[in-house]
Amino acid sequence: MNDKTIIARNLSNPAAFGHAVVIGSGIAGLTAARVLADYFARVTIIERDSQLDAPQFRRGVPQAHHAHSLPVRGQQLLEKQFPGLTVELISQGAEAVHGGSEMAFFVAGEYHQVRQQGGLITLSSSRPLLESALYRRVAAQPGVRILPEHGVEALLVDRSKRRVTGVRLRRRGGWPVQEATLAADLVLDASGRDSQAPQWLADLGYTAPQETVVNAFTGYSSRLYRRPANFGQSWKTLYVRPTPTHSTRGGVILPIEGDRWHVTLHGMAGDHPPTSEAGFLDFARSLAAPQFYEALCAAEPLTEPRGYRRTENRTRHYERLPRYLEGLLVCGDAVFTLNPVHAMGMTAAVLGSLALDKTLQAYGAAPNLMGLAGAFQQRLSRTIAELWKLTTDQDQRWPQVEVIDPLEQARRERRQLAAKIAQGSAKRRERTPSNSGLSVAFT
């Protein structure tokens, strides 16, 4: 494959549009591809990693090494997109957890019952198990093709640079370097927080999106444990939540497939848990709920602790762009990342695919996709606004939080400019002689 064009052929789907390319096969990419399969005759997913159908940790998803919780809302949305997913995951070892009786929630110095989930059953599994199940289901869709071990180097555009016409690919790990082009009517970037879309837009003469960042300086350290045989506690999930008024430290124990616990310690405001054996246990011992450390002492560690620090809330404001490159959509962590301590990231990714579905519904009878980019980015922003506010409001309770907001900065600059103008006007008035004390005689 050298300077050739890959042609994915599957005409079994009588969809309204031709070929869509999805960059990335995480939760956002897979759920978006599932939606696109209903509107496009062909969908190609480009993924840098290999062995995507196995439930194992991938280099391209480093956050998967840390405990993931899918709230009931996200679980219900996925079940609607992929009917039978819940039963499939349970058959593969995912744990069903009763929201009231099997969740121990320690916050502000005492245990609380999770009343809003008291009658609900949630699933607990590793992220790789969930992603592999989604992968198999998406791969089975008519017209869907997955191209592993490839990266997107650049966008292809028409002569006017107004519309995307495809992507330029590079195969990873091969020598000599193998490149190809892939024609497409639509390119959806779900490549994650390291997305190159802002740079691609700038290279083509477009305005890159501004960014808002809310950083509470959260740090993670995680490892897997073998769950103790005949574990006598009533809880399956134990969550110790940090709060600004009590402690910067917290942790979670989640049951996952294979009779294992996924244990994550987290510290806010820069109080990060260590990744050494002794430091990990000392941090767990310092938590306000002693049951957490006692549970770890009874369990068998299976992995070394792994740290993670890229936890800031970040949104790239594609919804505010002055003009759009038609045919380019951006979603998932490439647009918004939420502090994972609040367990909203996977739900946000699924909600993004629903925003895509609703936007495409309006284009079902359209002759082309002109205007889709702006319509989608604006709908996506509205869809995620509630989760963004929920997580950032919580993080801004920490005194050490750092906020970078381009809109607020612009407002502040306008206020400063107005104050300077007013001050200058006042000084000019002081220097101008007054006529109030003069008399003029006419003869």
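Assign unit charges at the C-beta atoms only (+1 for Lys and Arg, -1 for Asp and Glu), then state the dipole size of the range 268-381 relative to its Cα centre in Debye, rounded to the nearest 20.
I would put it at about 640 debye.
Sketch the reach of a paramagnetic label on Thr207 as a point 7 Å from Cα along Cα-to-Cβ, and name the residues of the range 350-389 whose backbone nitrogen lies under 20 Å away.
Under cut-off, by backbone N: 371-382.
Can you list residues whose amide H is under 5 Å from Thr165's amide H, if they're 5+ apart or on another chain and H is modeled 1.01 Å from N?
Leu156, Val157, Asp158
From the backbone phi of the range 148-160, what are the Karplus-calculated ³J(HN,Hα) couplings (6.51 cos²θ - 1.76 cosθ + 1.60, θ = phi - 60°) in whole Hz, Gly and Pro given as x?
x, 6, 9, x, 8, 8, 6, 8, 9, 9, 6, 4, 7
Lys/Arg Cβ at +1, Asp/Glu Cβ at -1, dipole of the range 240-392 taken about the Cα centre: which of Phe376, His342, Gln291 is farthest positive-ward?
After comparing all options, I get Phe376.
Explain nothing, just the number: dipole magnitude of the range 155-294 about its Cα centre with +1 on each Lys and Arg Cβ and -1 on each Asp and Glu Cβ, in debye rounded to the nearest 20.
280 debye
Which trypsin sites (Lys or Arg not before Pro) in the range 223-316 pass both tests, a DSSP loop state and at most 12 other beta-carbon atoms within 10 Å?
Those that pass, being in a loop and sparsely packed, are Arg309.
Taking the number of other C-beta atoms within 10 Å as the exposure measure, put His98, His112 in order starting with the fewest.
Ranked by crowding around the Cβ, least crowded first: His112, His98.
So what's Rg/Rh here for the range 117-170, counting alpha carbon atoms and using the Kirkwood radius for Rh?
With Rh from the inverse mean 1/r over Cα pairs, Rg/Rh is 1.23.
Which percent of the Cα-Cα distances in the range 205-270 go past 16 Å?
For the range 205-270, the fraction of Cα-Cα distances above 16 Å is 61 percent.
Relative to the present Cα-Cα distance, how much length would full extension add between Asp282 and Ile121 at 0.36 nm per residue of separation?
Value of the extension gain: 54.7 nm.
Taken together, the values in this text are just the output of simple stated rules run on the coordinates, not laboratory data. Predicted model, so just to flag it, every value in this text is computed and none were measured. A quick note on method: Cβ atoms are made from the backbone with ideal geometry, for glycine too, and the neighbour counts reach across all protein chains shown.
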